[in-house]
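Please read the structure below before turning to the comments.
The values are calculated or read from the model by the stated rules, or taken from the named source; none is laboratory data. Treat the numbers as computed from the prediction; the structure is a model and nothing was measured. As a convention, Cβ positions derive from the backbone with ideal geometry for all residues, glycine included, and neighbour counts pool all protein chains shown.
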Amino acid sequence: MAKIKPRVKAPKSVAAGEVFTVKTLINHTMESGQRKGKDGNKIPRQILHTFDVTYNGAQVMTATQHGAISANPYVEFQMKVNESGTLTMKWLDDDGSTYETSKDIAVG
Amino acid sequence: MNKIVKTLMAGSILALSLGSAVAADEDADLVVNGDTPITVRTKAPDWHPLDELLSGWVFRASETQALQADDFENPGMPFVDQAAEAWATADGSAGKACADCHNDVESMKGVRAVMPKFNDEKGTMYTLAMYINNCRTERMGAEAWGYTSGTMASMEALIGLQSRGMPMNVAIDGPAKPYWEQGQELYYTRTGQLELSCASCHEENYGNRIRSDHLSQGQINGFPVYRLKNAKLNTIHARFKGCVRDTRAETFKPGGDEFIALEVYVASRANGLSVEGPSVRN
Amino acid sequence: MKLSRRDTLALGGAVATISLLPLRASATTEAATASLKEFTGGADWAEGGVELTAPEIAENGNTVPIAVSAPGAVAIAIVADGNPNPGVAEYAFGELAEPMVATRMRLSGTQGIIAVAKMADGSFKSASRAVKVTIGGCGG
């Protein structure tokens, strides 16, 4: 698979308790397992089945995705924090790979 | 047409349609990332058969339009990131990366806006893909990328991004003239089983629907384009080929003389509209 | 008669939708219901308290932007009642998260999307939207 490049938009600093939006985008074909190849057989499923978000180790949001999630999946969510720290996002691939990126957020 | 009749007609048809309205907002403006205004409608150049030029963006549903307003929502952007990495990575026998000669990719500002351009050194019309492959094969000692490959599309998107917001300004005179004229002839020639020319849809019927697709003016200022249909970046010649095939005609070869000439002509039809960076379309 | 482009745009969209069958937003196939029952552990769900945003007419069934918001929810499940596999995604929210999510999904044809939210007190709320998926262009 071509190089996986997650894109995350999160604020660099926020006020404690202030709700903010995080936008995440990652390139992945999200092969649903429904498509047929040129030989007429179904192309095996290979998707990012889990998208896991933690902040300083605490779970923020976990998404379990199925074949109906579009290619190059976009997930937007909202959250708040009370202390400075690191927002970590992990995508888990059916083939066992993990893609990860993180953003530091300052609370002041 | 009588305004009252028009209103009644529109009203009665809308009433029958279960209250659902067209989701496109043809009057909307596009500002990317809150700071880069994109010219999506403008007066056509004097020589142009149309009066007003409209970017393909104008014809899309509002949900699709929204995808292009934020680089963190635009599904074409991870591919731009891939190309940014390729830009800085050495490839080929010369051990050079694009960056070694061109420094930061910002140095490519203005390049996309004038493509295709006559290459004086080579004595022929050059598209952006040809410039990229020329650098790779002659200066980097690297293999050429497939003309319509994903890698090429990503690099065209990265380079195009540097001209985002700038008006298309393709030369149609001087050494470009013969190519432009050949392209113009191709544009208006009906071909294939359906006997359609580019103009049949994109000049005579833009704004109308072909099945439920909202026909655009067929401008290419937004290329490479992320199409929702195939969930990837698509190049100009790949789209030319697809369009020709869709009209059930024998298609020309991407990278061949005919599509180069057609690209010169079609690109110039958007002169004045902004380069959009990777655009998002159906 | 000569219609301006503006008129054509206004009429064209309406004409396209006349030919589509009306869809009852509450229609749910067996498979979709079974999928949701797995999420709820067999419990029923009540309509209301969940906001589901989806286009009325999808530009392309391959990428349909949707958003779900359910104040007070700890988890949300989304199904599409006409897809070969109805399950679309499930979201579990920790304390720091707001109970909302926006994403993009594939729809194989005109159908209903149903979102079910698990509330903190163990009850379940839902919302559904009908989305028309059309065939476009000269062969796609």
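Observations on the model:
- Candidate set from the stretch C:118-133 (those that are out of contact with any Lys or Arg (no Cβ under 7 Å at 6 or more places or on another chain) and surrounded by 20 or more Cβ atoms within 10 Å (Cβ to Cβ)); member that is nearest to residue A:71 (Cα to Cα): C:133
- Residue satisfying all of: in the stretch A:5-23; more than 8 Å from every other protein chain (Cβ to nearest Cβ) and among the β-branched types (Val, Ile, Thr); surrounded by the fewest Cβ atoms within 10 Å (Cβ to Cβ) among these: A:21
- Of the residues making up the stretch B:84-121, just one is among the β-branched types (Val, Ile, Thr), out of contact with any helix residue (DSSP H, G or I) (no Cβ under 8 Å at 6 or more places or on another chain) and more than 14 Å from chain A (Cβ to nearest Cβ), namely B:114.
- Residue C:74 vs. criteria at pLDDT 95 or above and either buried (at least 23 other Cβ atoms within 10 Å of the Cβ) or under 16 Å from residue A:74 (Cβ atoms) (or both): no
- Candidate set from the stretch C:77-117 (those that are farther than 22 Å from residue A:48 by Cα and facing chain A (nearest Cβ under 7 Å)); member that is surrounded by the most Cβ atoms within 10 Å (Cβ to Cβ): C:96
- Qualifying position, being within 24 Å of residue B:67 (Cβ to Cβ), over 14 Å from the mean Cα position of the chain (by Cα) and of a type outside the set (A, V, I, L, M), among A:32, A:70: A:32
- Applying the criterion of being at pLDDT below 95 and in a strand (DSSP E or B) to the residues of the stretch C:118-140, the residue that is farthest from the other protein chains (Cβ to nearest Cβ) is C:133.
- Scanning the stretch C:99-117 for residues that are more than 13 Å from residue C:50 (Cα to Cα) and outside any strand (DSSP E or B) yields C:106, C:107, C:108, C:109, C:110.
- Test: residue in the stretch A:82-93 that is basic (Lys, Arg), within 24 Å of residue C:93 (Cα to Cα) and modelled with pLDDT of 95 or more: yes
- Test: residue in the stretch B:188-204 that is surrounded by fewer than 22 Cβ atoms within 10 Å (Cβ to Cβ) and more than 24 Å from residue B:253 (Cα to Cα): yes
- Residue within the stretch B:156-172 that is within 18 Å of residue B:257 (Cα to Cα), at pLDDT 95 or above, of a type outside the set (Phe, Trp, Tyr) and surrounded by fewer than 16 Cβ atoms within 10 Å (Cβ to Cβ) present: no
- Residue in the stretch B:83-95 that is hydroxyl-bearing (Ser, Thr, Tyr), touching a residue at least 60 places away in the same chain (Cβ under 8 Å) and in a loop (DSSP other than H, G, I, E, B) present: no
- Residue count for the stretch A:53-63, restricted to those that are in a strand (DSSP E or B) and more than 10 Å from chain C (Cβ to nearest Cβ): 0.
- Residue B:28 vs. criteria under 12 Å from residue B:216 (Cβ atoms) and modelled with pLDDT under 95: no
- Condition check for residue C:34 on (1) in a strand (DSSP E or B); (2) out of contact with any Gly (no Cβ under 8 Å at 6 or more places or on another chain): one failure, at (1).
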